[in-house]
Amino acid sequence: MSGDPQQDYFADGLVEDLITELAKIPSLFVIARNSSYFYKGRPVDVKQVARELGVRYVLEGSVRQSANRIRITGQLLEGTGATHVWADRLEGFAEDLFDLQDRFVTSIVGALEPSIRRAEIERALRKRPDALDAYDLYLKALPHTYANSPAETQKALLLLEAALKRDPNYALAHAYAAWCHEQSYFRCGFDERDKTLALEHCNAALNLGVDDPQALSIAAFVKSNFTHDYDAAIIVLDRALELNHNSALAYGFSALVNAHSERNERAIEHALLALRLSPFDPLNYHPYCALTLAHWFSGRFGEAATYAALAVGANPNFSVAYAYFAAAQVELNNFEAAGEAAKRLVEIAPSFTIGGFTRMGPFRPASIQSLANALGKLPLPP
């Protein structure tokens, strides 16, 4: 906005990198650079832009410089009503413009993907039931999937099954169906049919979604929970992160698989990246659980308790987080806090037993046993 040619060059580079990174997200249709630049330097009517380009959302922003500081403002707007979906302001020093550009692109892309997903879920919820297509049904299933509780999981599966009837080759719907059947298997009585269906949907997601980082990361996580083949899962997760290195979801699942296999430092690194990319994501209980386990397996029980508490706060209906928190408090000799967590755990999961928890754990036997031993010191069903 200053008319400075150097700053203009920086803004153009920022736009080009944003378009490139957003185009890596398979669920987004992103208009190419040349069409976007048609609007540069002109008064912009967001509704007109959305209509002319045939898009649902428009990202616009500005760059300002004062001395050696650069400020970027950005906002994502829904095209039909020109309503705000996301807005933020980012600042940094101008000594290294390329490094600054990379950091801004990472921050913006990381925030946009979950923001668009939330807006799309809201749009699908407003549609008439007779107008729903496979994509709408998938979107409507997501909040139920994210809850990761038995009742919500069944609601999600009904919607995902309906989506797959409309489109049997929908990789993401297969991936989320796999995850829902995995949730059902481990928290609803270890029904072998759930395990079989989870693995069938995993294989479909891996075969159909070879270029979809979301489908790959979910399927790799679910499959590793059954097979404990962490090395194979990490190969797939690394592929997902190559496809989209700004995916908070992929980093979150990668953090969990690395934590389950006690690659503690890598689990911590990927969990923190997931949280930085999407600080208000409904799935943030994943990286918090990964951080809990990585610190637990490293003998850092105070940090484990802190992150377990954050996991509980991120998803109060996820019973496993209460088990992690209670176990960590036992190791810290905080039996009052551990007892309260155990009480809440049984309220959320009335069928919980320590034996069932041991069978559920996707860790090495010695690791799950250390958690079970701590839980055994509390008034919980064996």
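Values computed for the structure shown
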quantity	calculated
In the chain, lysine pairs with alpha-carbon atoms under 17 angstrom apart (chain gap of 8 or more, or interchain)	6
Efficiency of FRET between Gln75 and Val346 - r from beta-carbon atoms, R0 51 angstrom, step 0.05	0.65
The range 292-382 - percent relative contact order, Cα under 8 Å, separation 6 or more	25 percent
Cα gyration tensor shape for the range 241-316, rounded if a/c is under 1.5, else prolate or oblate	oblate
Length added when fully stretched, Tyr9-Arg64, from 0.36 nm per residue minus Cα-Cα	18.6 nm
Loop GluC sites (Glu not before Pro), the range 37-143, which have at most 16 other Cβ atoms in a 10 Å radius of their Cβ (DSSP)	Glu95
Contour minus Cα-Cα distance for Asp167 and Asn317 (0.36 nm per residue)	50.9 nm
Glu95 paired with Glu269, simple spin-label distance in nm, labels 7 Å along Cα-to-beta-carbon	2.4 nm
Residues Arg42 and Arg359, FRET efficiency given R0 of 56 Å [Cβ-Cβ distance, rounded to 0.05]	0.35
Cut-off 13 Å, label 7 Å out along Cα→Cβ of Thr20, residues of the range 91-107 by amide N	98-99, 101-103, 105-106
The chain, dipole about Cα centre (Lys/Arg Cβ +1, Asp/Glu Cβ -1), debye to the nearest 20	860 debye
Mean Cβ count within 10 Å, highest first, over the residues of peptides 32-41, 272-281	272-281, 32-41
Theoretical FRET efficiency, 1/(1+(r/R0)^6), r = Cβ-Cβ of Thr83 and Lys377, R0 51 Å, to 0.05	0.45
Percent carbon-and-sulfur accessible area, the range 84-125, ignoring ligands, DNA and RNA, probe 1.4 Å	51 percent
Sulfur and carbon atoms: percent of accessible area, the range 299-382 [1.4 Å]	56 percent
Cα-derived Rg over Rh, computed across the range 41-124 with Rh taken as Kirkwood radius	1.03
Relative contact order of the chain, defined on C-alpha pairs under 8 angstrom at six or more residues apart (%)	9 percent
Extended-chain gain in nm, criterion 0.36 nm per residue less alpha-carbon gap, Asn207 and Arg51	52.6 nm
Label selected from (i) 17.6; (ii) 22.3; (iii) 20.2, the criterion being mean projected area of the Cα convex hull in nm² as computed here	(iii)
Calculated [θ] (222 nm, deg cm²/dmol) that DSSP helices of n ≥ 4 give over the chain, each run adding -39,500 (n - 2.57)	-21500 deg cm²/dmol
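The values are calculated or read from the model by the stated rules, or taken from the named source; none is laboratory data. Being a predicted model, the structure only gives us computed values, none of them experimental. Note that we place each Cβ from the backbone using ideal geometry, even for glycine, and neighbour counts take in every protein chain shown. In case anyone asks, the SASA skips ligands and DNA or RNA and just uses the protein heavy atoms, side chains included. Shrake-Rupley method; radii C 1.70, N 1.55, O 1.52, S 1.80 Å.
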